[in-house]
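Bear in mind that the values in this text are calculations on the coordinates, not laboratory data. Model, not experiment: these values are computed from the prediction. Don't worry about glycine lacking a Cβ; one is built from the backbone with ideal geometry, like all the others, and counts go over all protein chains shown.
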Amino acid sequence: MWLWIRNYHLDGVVAVCVTTIVLLLGCPTWVRAQPSEQPTQPRLAVVPKSGSGPAASSARYRFKMGDTLRISASGDYAAKITEALKASGPSAVTLYLNDVAMTTLAMTPVQLAPESGLRLEFYLARDSQDDGSRAQWGRLLRKQRGFLMTLPIALAIGVDPPLLVHTQQPLQFYVAPEVAIWWTLAGGLAIFLVVYSLLVRSRSVLRDQ
């Protein structure tokens, strides 16, 4: 009796082992390590400013008025932008800063090697002689608080909705350095006080004619 139970137990163990081996051989993905997913390169991305720091440094994503903002396009986006530029010229691509369409910015496309795609260069400048430029910059700057602004950035190709542009760090923008702005305000206030003092002290200005 005891011998029969032991044989029955061994047969059950063998059966379980055989079944497990069959299942593993039938589903090799259970025993084979899955390849790790490689990070995909964004098809639209801001090119960081040149500098000695790492590409992800926040200073390399800080732009001021007069700088050139570069955006790289790859894959099907690069092909689509190229076709749009051939059909309609630079006006086919519109840069959006904080949901404001900056249609008056000068843009230069730079064709890179086939495997590298396309690069778009936008000159961040306000044209005081252009009503459209003044209006667009006015709408953008009125949305901001403080000297340093964080701007969401997007790109529209033709009549398609704007596409989000990837940045490793938030895109920051300022009109002029904070120190320069404070010195300008201080200088203007000093000039006003000097002129006002001279006017008050001048009897010829205050007496009745």
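Remarks
- In terms of its Cα atoms, the range 69-161 spans 41, 25, 21 Å along the principal axes, sorted from long to short.
- Residue exposure sequence - Phe63, Phe122, Phe147 - by fewest surrounding Cβ within 10 Å: Phe147, Phe63, Phe122
- Between Lys86 and Thr104, the contour length at 0.36 nm per residue exceeds the Cα-Cα span by 4.6 nm.
- Here Ala45 and Asp131 are evaluated by their C-beta separation; at R0 = 35 Å the FRET efficiency comes out at 0.60.
- Phi to ³J(HN,Hα) by Karplus 6.51 cos²θ - 1.76 cosθ + 1.60 over the range 85-93, Hz, x for Gly, Pro: 5, 5, 7, 10, x, x, 5, 6, 10
- Each of Leu95, Leu163 has some number of other Cβ atoms within 10 Å of its Cβ, and from fewest to most they run Leu163, Leu95.
- Interchain or long-range residues, amide H under 5 Å from His166's placed H: Leu44, Ala45, Val46
- The lysines whose alpha-carbon is closer than 22 Å to the alpha-carbon of Lys49, local same-chain residues fewer than 8 away aside, are Lys64.
- Panel order for Val93, Val175, Val110, by other beta carbons found within 10 Å of each beta carbon, from fewest to most: Val110, Val175, Val93.
- Phi-derived couplings, Karplus 6.51 cos²θ - 1.76 cosθ + 1.60 at θ = phi - 60°, listed residue by residue for the range 152-165: x, 10, 9, 9, 9, 10, x, 9, 6, x, x, 10, 5, 9 Hz, with x used for Gly and Pro.
- Based on every Cα atom in the range 96-142, Rg and the maximum pairwise Cα distance Dmax equal 13.5, 41 Å.
- Rounded D (µm²/s) - the range 131-176, Kirkwood Rh over Cα pairs, Stokes-Einstein at 25 °C, 0.890 mPa s: 199
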